[in-house]
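Quick note: the coordinates plus some simple rules give every number you see, no bench work behind them. Everything quoted here is computed from the prediction, not taken from an experiment. Here the Cβ is made from the backbone with ideal geometry for all residues, glycine too, and neighbour counts use every protein chain on show.
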C-alpha cells in the first residue's frame, strides 16, 4: 500500500509525535509499504528521502491567522500525490485536508489524536476533533483520557511504543534524576525544579539533568545541568537513577530503562492523562511538590520497594513495542 501521513512536525525535528510517526513509518516500510510524509517545512529540503521514506515539506510561513489558508494552498498543490494514496492518515491535522474531503471521497482517511492542546480545553478544539472523528473512517486515541475530555469514541487506544534496547544501567549513576521534554507549562518543569530544591535541603548531592529546550531554559539552567534536545536519550537515561516525566513516550522510555518514574500534574486533565493510563500503578503520581519530594526521598531510602516498582513497570513497558503499535494501525486500516 501507499500510505501518506500528514503531520505538523517530523524528523529530524525531535518530539513525541515526530518520533511516533518516524518509528511506525520505518516498520511499515519494512513490511513493503510505500511511505510518504507531508509535513511543515522548518528549514530543511522541501523534498527528500530519509531511510527510504519520502518526505514532502510544505512552506506555511509564520503562525498567524492566515496560516491555515497557506496550508490549504500547499495541500492543493499536492492533490495529485494525495490521489495516489491507498491510505491517508492524519496525525491531529485533519483540518489540512478538510476543504478537499469531497475531492478525496474515495480515499480511506484515518486520524490519530495525540495528547491535548492546552488547558483548559477550548470548546472549538473539541468541535474540531468531533468533526475529524465523524469525517474519518477510524481513529487511534493516544490515551484513554481523550474519550473523557473530548467525547471521542476511539476505534483503538494506544500509549505509544518503545524499543527494548533502551534498557540502561543504574550502577553509580552520574545524576540522581533526569527530565526530558519541553521547558514550558505543559511539562510541569517548574514543579520538578521546586521538588529538587526541596530535596536538596536534605540531600545535598541530589542532582538533576535536563534534556530539552523552551521558554524556561534560562531559569532552569541555574539549578540543573541542561542539554538541548537529543535523539539519543538512552545515553543519558543510563547515567541517571530516577526519571521525572509526565508524557507517555518519556515515561515508557524511562520504564523500559528501569528507572522509577515520578510524574506531576497541575490540573484535572493532566490528572486523568496520568491516572487513567494502564501503567498508573507502576509510577508515582502527585500534584503537590512537597508530597512528591517526600516520595522521592522515601524510595531513595527504600531501594527494595523501588526495585519492585521498577520491575513491574518494566514488564508492562516491554510489551509496548513499536511493532505492536504498527499492528494497531494495520488493523485499523482493515476495519
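Short-range pairs are left out: with C-alpha atoms under 8 Å and at least six residues apart, the relative contact order of the stretch 164-317 is 26 percent. Each part gets one Cα centre, and for the stretch 284-335 versus the stretch 82-157 those centres are 27 Å apart.
Need one number: convex hull volume per residue for the chain, Cα atoms only, in Å³. Don't jump to the answer; show the numbers that get you there.
Numbers: hull volume 44.5 nm³, N = 335.
Convex hull of Cα atoms, per residue: 133 Å³.
Using the Cβ-Cβ distance between residue 77 and residue 204 with R0 = 51 Å, the FRET efficiency computed as 1/(1 + (r/R0)^6) comes to roughly 0.30. Only Cα pairs under 8 Å and 6+ residues apart enter the sum, and on that basis the relative contact order of the stretch 92-240 stands at 20 percent. Per-residue ellipticity at 222 nm computed for the chain from its helices equals -11000 deg cm²/dmol, with DSSP H segments shorter than 4 residues left out and the rest contributing -39,500 (n - 2.57).
Shape class of the stretch 164-317 from the alpha-carbon gyration tensor: rounded, with the ratio a/c of largest to smallest axis under 1.5. Spacing of the modelled spin labels on residue 163 and residue 50, each 7 Å from Cα toward Cβ, amounts to 1.5 nm. Within the stretch 103-130, what residues put their amide N at less than 17 Å from the label point 7 Å along the Cα-to-Cβ vector of residue 267? Flagged as within label range: 114-129.
Stick to Cα atoms and the Kirkwood definition of Rh, then tell me Rg/Rh for the stretch 69-204.
Working: Rg = 20.7 Å, Rh = 18.5 Å.
Here Rg/Rh amounts to 1.12.
Modelled this way, with points 7 Å down the Cα-to-C-beta line, the labels at residue 327 and residue 70 are 4.3 nm from one another. Averaged over residues, the count of other Cβ atoms within 10 Å places the peptides 185-197, 129-141 in the sequence 185-197, 129-141, highest first. When only Cα pairs below 8 angstrom with a gap of at least 6 residues are kept, the chain shows a relative contact order of 15 percent.
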